[in-house]
Every structure is written in structure tokens, then in C-alpha cells.
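Just below is one structure, and these are the notes that go with it.
The values are calculated or read from the model by the stated rules, or taken from the named source; none is laboratory data. Here the structure is a predicted model, which is why all the values come from computation and not from measurement. FYI the Cβ positions are ideal-geometry reconstructions off the backbone, even for glycines, and counts take in every protein chain you see. These accessible areas exclude ligands, DNA and RNA; they are computed on the full protein's heavy atoms, side chains included. Shrake-Rupley method; radii C 1.70, N 1.55, O 1.52, S 1.80 Å.
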Amino acid sequence: MRIKRLAAIAAVAVLAFGAAACGSDSDTPSTPSGESPLVAKAKAGQLKFGVKADQPGLGLQAGSAYEGFDIEIAKIIAKGLGGDAAKNTYVTTVSANREPFIQTGQVDIVVATYTINDDRKKKVNFAGPYFTAGQDLLVPTASTITGPEGLDGKKVCSVTGSTPAKRIKEKYPKVQLQEFDAYSKCIEALNTGTVDAVTTDDIILAGYAAQSQYAGKFKLVGKPFSSEPYGIGLKLEDKAGCTKINEILKASVTSGEYKAAWDATLGKSGTPAPTLDVSKLTNCPA
């Protein structure tokens, strides 16, 4: 009996130690009731943003750093959540892995030319839109392609899992669609003559065309055939976080931070800053 009592005491001690160890985990900041977990993560300097790494002017990796309009928007969000934007962690995402990265916690927030659509809204939450682009075509300067109606039989490149690729498949079935995991690969295919055109959002294509190594080689057709509202992705259940980010976006217009973010990045192309329509920041679920 004495041995059994000692064993029971030992078991209780092990359980108590385990509970204490779990309770002392300071790596996961606590979240007050009704508040988004993003706030605590921001204050702890633990925010992880999913961003693009190959889109000039929007999300571009230069060495170990990231730059572009989406990166500046991420900094505005971190600051608005109460954090230090200098402590943000950026994780490269591609079109096909944005939802899985959010769902599995590999990133907290995605700011990556992320079009809001009904299918994606079943998987993640969207704040925004913070910008609206339009699908267009980038072609060689000498190309006679003037719009999507001239693509039959042509080789067109886009990115796997992207809205532009899906639209081409559904609305222009006679196109020979080539898909890669990054737009930079499409641009290289266009440069080598492997494809006749690259399709995605106009602002992304303009950023590539403006790069010095492609000067004079490509032109933007300039005939958008869609409306692409860019949203800020976060976990589906985080309604408080969605609402908070929309409040931050509204405040950035009043403070001038939104325009400053544009002017420092895409504004260098000569394109004036858009007017953010805050009345359209209505994607957060009630």
C-alpha cells in the first residue's frame, strides 16, 4: 500500500509540473476576450506577414529585405495594431499557398495582391479592399495583340492558383495557358519568346515592364477585362481582426500614410496615388 501511495504522489507531481510548464509558455501572448489575437502578437513583435517576393513595386525581395506597396501596407497594419513594424517577419507566399498558410498559422496576415472572391471567402477572412486592379496583358512591344479577344491559339502565361489564370481557363478556352508558380517565371518566358503574353493584374504587369532589364521590350495592352479588389487575408474566425484592420486602413487615409506608402513605391512609376474608397471596406462578416 505504501508503494502505491508513493506512486500516486509521484504521478500527481508529474502532472503538476507539466501544467506549470505549459502555463509558463511566454511564446504565445494571451488574448483578452473579444480582442483579435493579432493585437497581442503585434505588441509582442511576433506578426508574420505573407507577401510576394517577385512583384516589383508591390512585393519584392531584395537580399533579406522586402520592399513595395504591399510591404508598406503591412507596416501600417502592424503599427495600427500596436506593434513595431520593424519587428515584422515576412514570409514569401505564392498564389497557390496563401489560404493554406493562413489556415495553418504559417503566417498571420497575407498582403500579397490577394484578390477577394467568393471562393476564397469560404476559407479565409478579408479586410479591405485596399486597392482595385484590373486584369490585363503584357506583350512584346511589336505584338499585334490588342486584347483578350485576340488570344485564341496564343500561348499565355499566368500563375497557378491565381484569379487571372482561372479567368483565362473559363472565358478563353482556346488559349494555350502556361502556368508557373511565380510571375517572374512568366516574364522570363515572355522575354525568351516561349509565350506570346503574360496576364495578371495591370499594376503588377506595369511594375515588371518598368524594370530596367526589360526597358523597351514589353508593353501593357491597356485594356483591362476584370476588376480585382485586393484584400488583406487573415483567419476566417478572426472577425475582430478583420474589423480592426479596416479601421486602420480608414485611419491611414486621414493620416496620409496610405498615400505616402504609394508615393514611396508604385508612385515612382509616375502613376498617381489612388483614392481609397473607405465606404467599400465592408468585407468583414457581421
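Overview of values
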| item | result |
| --- | --- |
| Hits in the range 48-76 (condition: within 13 Å of the chain's Cα centre (by Cα) and of a type in the set (Val, Ile, Thr)) | 51, 71, 73 |
| Pairs, first under 30 Å from residue 147 (Cβ atoms) in the range 226-248, second in a helix (DSSP H, G or I) and polar (S, T, N, Q), C-beta under 7 Å, six or more apart | 228/163 |
| Filtered residues of the range 167-195 (kept if open to solvent by 60 Å² or more (accessible area, probe 1.4 Å) and either assigned to a loop (DSSP other than H, G, I, E, B) or in contact (Cβ under 8 Å) with a residue 60 or more places away in the chain (or both)) | 173, 174, 181, 192, 194 |
| Residue in the range 264-276 that is closer than 23 Å to residue 105 by Cα, open to solvent by 50 Å² or more (accessible area, probe 1.4 Å) and either at pLDDT below 95 or not in a loop (DSSP other than H, G, I, E, B) (or both) present | no |
| Selection count, the range 158-171, where residues are of a type outside the set (A, V, I, L, M, F, W, C) and either touching a strand residue (DSSP E or B) at 6+ places or on another chain (Cβ under 8 Å) or closer than 15 Å to residue 196 by Cα (or both) | 7 |
| Test for residue 231: is it open to solvent by 50 Å² or more (accessible area, probe 1.4 Å) and out of contact with any helix residue (DSSP H, G or I) (no Cβ under 6 Å at 6 or more places or on another chain) | no |
| Residue tally, condition assigned to a helix (DSSP H, G or I) and free of Cβ contacts under 8 Å to residues at least 24 places away in the same chain, over the range 30-69 | 1 |
| Residue match in the range 140-153 (condition: open to solvent by less than 10 Å² (accessible area, probe 1.4 Å) and under 18 Å from the mean Cα position of the chain (by Cα)) | no |
| Residue in the range 200-212 that is modelled with pLDDT under 90, surrounded by fewer than 21 Cβ atoms within 10 Å (Cβ to Cβ) and not aliphatic (A, V, I, L, M) present | yes |
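Listed here are the residues, each with its yes/no results for (1) in contact (Cβ under 8 Å) with a residue 40 or more places away in the chain; (2) in a helix (DSSP H, G or I); (3) within 30 Å of residue 217 (Cβ to Cβ).
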| residue | (1), (2), (3) |
| --- | --- |
| 74 | no, yes, no |
| 128 | yes, no, no |
| 138 | yes, no, yes |
| 145 | yes, no, yes |
| 156 | yes, no, yes |
